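Student: Structure below; questions to follow.
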Amino acid sequence: MRRRSTGLVATLITALGLTGGLVAGPAAPAGAAGPPQGPAGDAFYTPPNPLPPGRPGDVIWKRTLSDTSTATTYLVLYRSTTAAGAATAVSGTVAVPRSGNVATAPIIGVAPPTTGLGDQCAASKEGLVSDLSVPAAFGQRGYVIATTDYEGLGTPGIHTYVVGRSEAHAVLDVVRAAQRLGAGPTAAAPVGFYGYSQGGGGAAWAGQLATTYAPELNVKGTAAGGIPADMTAVGQALDGGLGFGFLAAAAAGFNAAYPELNLDRYLNATGKQVFADNVNKCVADVIAQLAFHRIAEYTTSNPMLQPDWQARLRENSLGAVAPRAPIYIWHGLFDEILPYGQDAALWKTYCRKGGRVTFQATFDEHVSGALGGQAAAVQFLADRFAGKAATDNCWLSGA
């Protein structure tokens, strides 16, 4: 089990909703419609080799995690696509309400906040029971909640942390998995994306790539908070700061997504040991160990300054195109982890490119920012599902 954190790190972890767990429930009855039942225990997360043929979003197998009076939650292993375009398997959860018209109920594609790099840190294992991660209002409104673990969390390989294209594919495909689960949701259901921090990036990327990667989805809107929008600006801000561990995790994530970047060639002996120690840890331990350290302590030269790294950082920075569906973005003015300015710049970029963007600056730092715009985010998505026309405040952006 993960060691408990104290002080500021504990506050960060608790506020981001990274504690708690899902209780395993009874297995689905034999012969139930939909994909086959997956194996028990951690064997569920090991995909068959080779992967069975299929499309992104196809469910490889499923298992019932919990069955309550309000919802049945399934653990799913589904096909997705890496940042480089290869087929892969990703795990996640789908919570289906037990009442209402499930076939047409809105589906929320949830991108979780940072949990860490170790397989034991996967959201489906940790459990996303905090309202800070998945607002209770979504379940109360009868929505289907489809939450990805992301590539390499739970499943084999290193998590491709904050690699936007990988995260987008994982979020879009868990929504497809919800539709193909055989548990009620259909392809006609309206879809929204939600996330904060790492999850804000994952949700925004899903909204940005939905038209090209999953054009069949009936996307109505995206709500994303505390977004790591500009990878270079974020990296510069984290170097030497409280959140340096996030930067180290990002380096490992980019190296996993793009092995040709060859992170190892830039690491000194200390750096190699630190990365070996942290690729199997959850966020509390990583942040506690690496807070206020710098890139220069662990490298012989800074990989972020190399042309190949810079190109991948730009490729995985948001804003190349605006999402076709409306988007609500919020960010704390005093965010000490992810700079406010780079997210405000994304607002202007999306507006300039024709997006319908509502941007809210909240009087928060990073932790409290998880809640700062949440109520408005829930209402924003509810209004889109209700067919209300989206307004925007692009006129304030100066774009």
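Student: Give me S66, S99 sorted ascending by neighbouring Cβ count inside 10 Å, so fewest comes first.
Tutor: S99, S66
Student: According to the square roots a ≥ b ≥ c of the eigenvalues of the Cα gyration tensor, what is the shape class of segment 281-336, taking rounded for a/c under 1.5, prolate for a/b larger than b/c otherwise, and oblate for the remainder?
Tutor: Oblate, since a/c reaches 1.5 and b/c is not below a/b.
Student: In whole angstrom, how far apart do the alpha carbon centroids of segment 108-127 and segment 291-353 sit?
Tutor: First find each Cα centre; the distance between them is then 21 Å.
Student: May I pose another question? Please return the longest stretch of the chain lacking exposed loop sites, where trypsin sites (Lys or Arg not before Pro) count only if DSSP places them in a loop and at most 15 other Cβ atoms lie within 10 Å.
Tutor: 99-293
Student: Something else about it: Which of the aspartates and glutamates could a cross-linker span from K348 if the Cα-Cα distance has to be under 18 Å and same-chain partners fewer than 8 positions apart are dropped?
Tutor: Candidates past the 8-residue exclusion: D230, D392.
Student: Cut-off is 10 Å between beta-carbons; in what order do I60, I327, I145 appear when sorted fewest neighbours first?
Tutor: So the residues, fewest neighbours to most, are I60, I145, I327.
Student: Related question: Helix-only mean residue ellipticity at 222 nm, the chain, DSSP H runs n ≥ 4 weighted -39,500 (n - 2.57), per residue, nearest 500. What is it?
Tutor: Rounded to the nearest 500, it is -9500 deg cm²/dmol.
Student: Treating only the Cβ of Lys, Arg, Asp and Glu as charged (+1, +1, -1, -1), what charge dipole size does the chain show about its Cα centre? Round to the nearest 20 debye.
Tutor: 820
Student: With a 10 Å Cβ neighbour count serving as the proxy for reagent exposure, in which order, fewest first, do C121, C394 appear?
Tutor: C394, C121
Student: Once R0 is set to 25 Å, what does the formula 1/(1 + (r/R0)^6) return for the Cβ-Cβ distance between D67 and A40, expressed as a FRET efficiency to the nearest 0.05?
Tutor: 0.95
Student: For segment 264-348, build the charge dipole from Cβ charges (+1 Lys, Arg; -1 Asp, Glu) around the Cα centre, then report which of A325, Q289, L313 sits farthest towards its positive end.
Tutor: Toward the positive end, the furthest listed residue is A325.
Student: Quote the relative contact order of the chain in percent (integer), defining contacts as alpha-carbon pairs under 8 Å separated by 6+ residues.
Tutor: 16
Student: For A86, put the label point 7 Å out on the Cα→Cβ axis and report which residues of segment 251-271 keep their amide N under 20 Å from it.
Tutor: Inside the label zone: 251-265.
Student: Could you pull out the chymotrypsin sites (Phe, Trp or Tyr not before Pro) across segment 337-399 that fall in loop regions by DSSP (anything but H, G, I, E, B) with no more than 16 other Cβ atoms inside 10 Å?
Tutor: When the chymotrypsin sites (Phe, Trp or Tyr not before Pro) of segment 337-399 are filtered for loop state and at most 16 Cβ neighbours within 10 Å, F363 remain.
Student: Let me ask something additional. Tell me whether segment 268-399 comes out rounded, prolate or oblate; compute the Cα gyration tensor, take square roots of the eigenvalues as a ≥ b ≥ c, and use a/c under 1.5 as the rounded threshold.
Tutor: Here segment 268-399 falls in the prolate category.
Student: Additional query: K388: which lysines have alpha carbons under 23 Å from its alpha carbon, excluding same-chain residues fewer than 8 sequence positions away?
Tutor: K220, K353
Student: Can you tell me what the convex hull of the Cα atoms of the chain projects to on average, as an area in nm²?
Tutor: Seen from a random direction, the Cα hull of the chain projects 17.9 nm² on average.
Student: Here is a further query. Under unit Cβ charges (Lys, Arg +1; Asp, Glu -1), what dipole magnitude, rounded to 20 debye, does segment 316-384 have relative to its Cα centre?
Tutor: It comes to approximately 560 debye.
Student: Going by Cα centres, segment 245-259 and segment 58-102 are how many Å apart?
Tutor: 26
We did not get these values from a lab; they are worked out from the coordinates using the rules stated. Quick caveat, the model's predicted, so the values are computed rather than measured. All Cβ positions, even for glycine, are placed from backbone atoms using ideal geometry, and neighbour counts span all protein chains on display.
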